[in-house]
1. Between region B:88-155 and region A:220-290, what's the alpha-carbon centroid distance in Å?
2. Of B:25, B:98, B:88, which has the largest mean-square fluctuation in a 10 Å C-alpha GNM of chain B?
3. Nearest 10 degrees, 0 to 90: what angle lies between the long axis of helix A:266-285 and the longest principal axis of chain A (Cα atoms)?
4. Going by a ≥ b ≥ c, the root eigenvalues of the Cα gyration tensor, does region A:176-290 fall in the rounded group (a/c under 1.5), the prolate group (a/b larger than b/c) or the oblate group?
5. Need one word for region A:7-52: rounded, prolate or oblate. Basis is the Cα gyration tensor (sqrt eigenvalues a ≥ b ≥ c); a/c below 1.5 gives rounded, then a/b vs b/c decides.
6. Please report, in debye to the nearest 20, how large the charge dipole of chain A is about its Cα centre when each Lys and Arg carries +1 at its beta carbon and each Asp and Glu carries -1 there.
7. Bin by bin, in steps of 10 Å, what percent of the Cα pairs in chain B do you find, going until the bin that has the longest distance?
8. Only Cα pairs under 8 Å and at least 6 apart count here; give the relative contact order of region A:57-162 as a rounded whole percent.
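Just so you know, all these numbers are worked out from the coordinates, no wet-lab data involved. Predicted model, so just to flag it, every value in this text is computed and none were measured. Here the Cβ is made from the backbone with ideal geometry for all residues, glycine too, and neighbour counts use every protein chain on show.
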Amino acid sequence: MILRPFEYVESKTVDDAVAALQGGGEDARVIAGGTALVPLMKHSVLRPSLLVSIARVPGLAEIAPGVSGGLRIGTVTTHWAVSHAPLVQERSPLLAYACSRVASPTVRSMGTLGGNLCYGESASDPSPALLALRASVRLHGPGGARIVPITEFFTGFYETALGDAEVLTGIDVPAMPAGARWRYLKWTPRAQEDKALVGLAAMLVLDGRRCRVARLAVGGVGASPIVLTRAEQALEGQELDEATIARAADAAAGEVEPMADLQGSAEYRRDMLRVWVRRVVGDLAEGRTS
Amino acid sequence: MPVVALTVNERAVRVDVAGHWTLIQLLRDGLGLLGTKEGCGEGSCGACTVLVDGRLTRACLALAVRADGARVTTIEGVGTDAELHPIQDAFVRHGAIQCGFCTPGLIITTKALLDENPRPTDHEIREFLSGNFCRCAGYNMILNAVRDAAGLLTERR
C-alpha cells in the first residue's frame, strides 16, 4: 500500500510548526510517530497536502518532574518511553502501565503520547488513565499557549478541543496521592493487540473501608473516553461494601452511551463496563491491586 | 527527489527517495533489500518490522525521509549466509517457518525481545510477539523456537 504525494516539513521549533500549519490550509496535518495518521492516509480517509513533523523539535520528547510530585511529559514521547521511564513508574504507575498496553511493542516504540491524544480515539489506553489522573494538556497555536484540562479535551467521536493550527506540546500529570490504589483494566475479548472494548482506569484512596477519593474513567465504550462521574460520586465518602460497589457499577453502566461495532454490541459494552467496574473496585477495596 | 543518508546493516548508504515513500519502499525499491516483507501495509501484521536506531519500527508506517541519519537493521543484517544467527537457527530447527512471509519480522522482533529481556517467560514472549501475525498459524513452533533461542543466546554470553 502506497501513499499519495504530499509536502513534508521538518519543524525546528513549535512556532515553526504552527506557522507551517497556518500556511498549509485546512488539510495540513501534524505528524509525529505516524502510527495513526499514516494508515488513515493509506486508506484515503485523510488526504493531507502537507505534513508538518514535530518529531525532531528539541525538548518535545522529554519526561521531567512536574510541580508537587507530578510529571511533565513532552508530546512526542513514545508509549515505550513513557512505560519504561523510572520517573513515570515511580510517580504515575497507572499511566506507565496504561502506556505499556497500547497495541503491540512495535507500535509502542513508534507511537507518541501526544499523537495518541490528538487522534481522539475512544479506545485509547492512555486517555482513560490521564482522565482518571485529571491531567492537563498544553496547546500552542497562533494565539499563543493555553492549558486545557484533559476532561475538556475529548469533545466527540475522533474530535478534540484542538483549534486550527494548534499543536499539543505536552501533558502535565498531577502526582498520584500517597497510598492510592490503581488499576488499568483492558478488556479485549479476542486478542492481546486489539483495541480496548472496555479500557477502565481506576484510582482509589481509602481510609480503612471508607473511600476518600474515587477516580474512574473509561475508553472504548462511548464515542470518546470519559470520566465516570456518577460512579465516582457513588463511591466517594462511602464504605466500600458489596452494595455500594454494585451501585457504582450500575451508575457507570447508566452514564455511558455505548457504541456498537464488530468487536461488540452497545449492550455488551454496557454490561462489560458494569462487570469490570464492580470487579476492579471490589479488588481495589480488598487491596488486590494487580 | 530527496536524498536520504543512513546506515543500513552497518553500511553507510545514500538513497534517492520520493517524498511520500515509506521506509519499506526505501529498503525494497531504493536498496533492493527484499528480505523485509510488506504484509498488510497498515501497521497491523508486523511482517515489515525492522530496527531503527535499535527501536522496533513498522517500515510500512515510517516515512522514508525520517530515516535520514538513522541506523537501520533489517533481516539481511542478522546472521550471515555462512552462519545463521542463533534465533534463525532455532526457527529452522523448530519448524517455526512455513510460508516464511512473517519470518523476517518475527526474527527482528525476537531479537529486540532477547536484547531487552534475555530470559523471557512464555507470557512475555507471547505478549512481545503479539503484533506479529503468522497466518500459517505455527505459533507453538514459534514459541518453542524463541524459548530455545533464549537459552542459546544466554549460554554464549
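1. After rounding, the separation between the Cα centres reads 38 Å.
2. Top of the fluctuation ranking is B:98.
3. Approximately 60 degrees, to the nearest 10.
4. prolate
5. oblate
6. Computed charge dipole of chain A: roughly 580 debye.
7. 11, 42, 33, 13, 1
8. Rounded, it is 19 percent for region A:57-162.
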